[in-house]
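Please read the structure below before turning to the comments.
The values are calculated or read from the model by the stated rules, or taken from the named source; none is laboratory data. Note that the coordinates shown come from a computational prediction; the quantities given were computed from them, not determined experimentally. Neighbour counts run over all protein chains shown; Cβ positions are idealised from the backbone, glycine included.
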Amino acid sequence: MDSILSVRQVTEKVKQAVEARFPYVWVQGEVTNLSRPSSGHVYFSLKEGEYLLNCVWFRGQQKDEAFDPFTGEVWEDGPRPSVARTMENGQTLICAGHLTVYGARGQYQMVVDLAQTAGLGLWHQEFEALKRRLDAEGLFAAEHKRPIPREPKRVAVVTAPGGAAIRDFIRIAGERGLGAEIRIYPSPVQGEEAPPRLVEALRQAGEDGWAEVIVLIRGGGSVQDLWAFNDERVARAVYASPIPVLAGIGHEIDHSITDFTADFSAATPSHTAQLLWQERRVFEQYVDGVEMALAQAMERRLETLAAQLEHKGRALSLLSPLEKLRFQEEKLASALHRMEAALESGLTRGKRLTEQLSLRLEHSGEQRLRLAELSAERAVAPLERLGRMIGLSQEHELSRLELQLHALDPYEPLKRGYAMALAEDGSFLRSVEQTAPGRRVTVALADGRLVTVVDSVKCENKGADA
């Protein structure tokens, strides 16, 4: 049993052997899976064909370079930033460092001390060449992009049915919008068989013509994991789709040829669902807004109708016979008041004159008294005549107004055998053109009303029946 080793012992022995065998190495490869976490360390892989070497470049070793670390040549234009800050996926690097074993994962890796660019890798070159060619053909042109429908009811999803991307998509779709039907067109999303299967799924969804939009999604991964979406066949199938295509491939930093040919590219698979359907609280706020707007509109409408009713009530009161009679009575009362004031004023002046004459009479004797009395009588007589004339004039005016008011009473002619026709809304019918056969008409007589239905209408001035 002494020969049985623990996992830790095995890992330590492997680590010692690797570090002893490769104390310092130079390795060239294509950068992939590049990651820069907040710690400041840089994690990436060097790729050659199907082989990968995981690398870590610790923050303490990332120093700006005042000279070429491989040749010792001093840069004439001053220090250059560390390659750790400028490296990118698809770039070919020559890295120097030592190999070790990372016990927490049980895998070997390279700890990089320094690196130098050696040009772009073959995959990146292929990507850029295909991108330039398809762009020149117009597959990326904005005028070919179709709008993605909002709140679609039927959605076709092309993806791997067992992946995390479709689970996230369905989960978010269930939390947003007003409900939709989702149909999955299954296809692998990585590996050699993925491109033809993706093309077939896109073709089938387009031929079915059932969906309003096709969603093409795949979760994040390395460059080689996402390479199927850089296949020219997939890009052309997306461009040729008769239904708008919304792509959500990888993470925000990932960009594929399919993203460029799709009608719209989302940042992630989850983002595609967020673009298609709004949060339900947005609809709730919209309904609340509509409800408040309707209430305000109803309140304004009722205020307008109330104002119109009040205005028409005042106008109707001015046309009322009773209102006219009341107006004439006020005029008569005003005239009588003026007449009484004039009579009182005249009597006051006569009285004052009489008093003056009486005072004079005391000094001038009986003759002067008689003359004064005659003068007073002459002064009072015109006033009395004026009072009688004003009274007769007002009585005549009142009689004339009463006759006029009596003649304007619309119900007075009914006593002589006439009748008034009223429409259904209560308005007077002044012409046969205001009604038609089948409509109800109210006929007002002196002692009541008749409600009847028009059987026919005859225009006397045209001589024709309607």
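Of the residues examined, residue 274 is one that is surrounded by 10 or more Cβ atoms within 10 Å (Cβ to Cβ), assigned to a helix (DSSP H, G or I), in contact with a helix residue (DSSP H, G or I) (Cβ under 9 Å, 6 or more places away or on another chain) and not hydrophobic (A, V, I, L, M, F, W, C).
Counting only strands (runs of 3 or more DSSP E) that fall entirely inside the stretch 133-249 and contain at least 1 residues that are touching a residue at least 40 places away in the same chain (Cβ under 8 Å) and within 15 Å of residue 260 (Cβ to Cβ), the qualifying elements are 213-218, 245-249. Scanning the stretch 66-89 finds no residues that are among the hydrophobic types (A, V, I, L, M, F, W, C) and at pLDDT 90 or above.
All but one of (1) farther than 30 Å from residue 98 by Cβ; (2) crowded, with 18+ Cβ neighbours inside 10 Å; (3) at pLDDT below 95 hold for residue 115; which doesn't? Only one criterion is unmet by residue 115, namely (1).
State yes or no: is residue 255 surrounded by fewer than 23 Cβ atoms within 10 Å (Cβ to Cβ), in the same structural domain as residue 168 (by TED's automatic domain parsing), assigned to a loop (DSSP other than H, G, I, E, B) and of a type outside the set (D, E, K, R)?
Details: surrounded by fewer than 23 Cβ atoms within 10 Å (Cβ to Cβ): yes; in the same structural domain as residue 168 (by TED's automatic domain parsing): yes; assigned to a loop (DSSP other than H, G, I, E, B): yes; of a type outside the set (D, E, K, R): yes.
Taking the combined requirement at face value, the residue satisfies it.
Can you tell me which residue among 162, 191, 179 is at positive phi, over 25 Å from the mean Cα position of the chain (by Cα) and not acidic (Asp, Glu)? Give the steps one after another, and end with the answer.
Values: 162 fails: at positive phi; 179 fails: over 25 Å from the mean Cα position of the chain (by Cα).
Matching residue, one of 162, 191, 179: 191.
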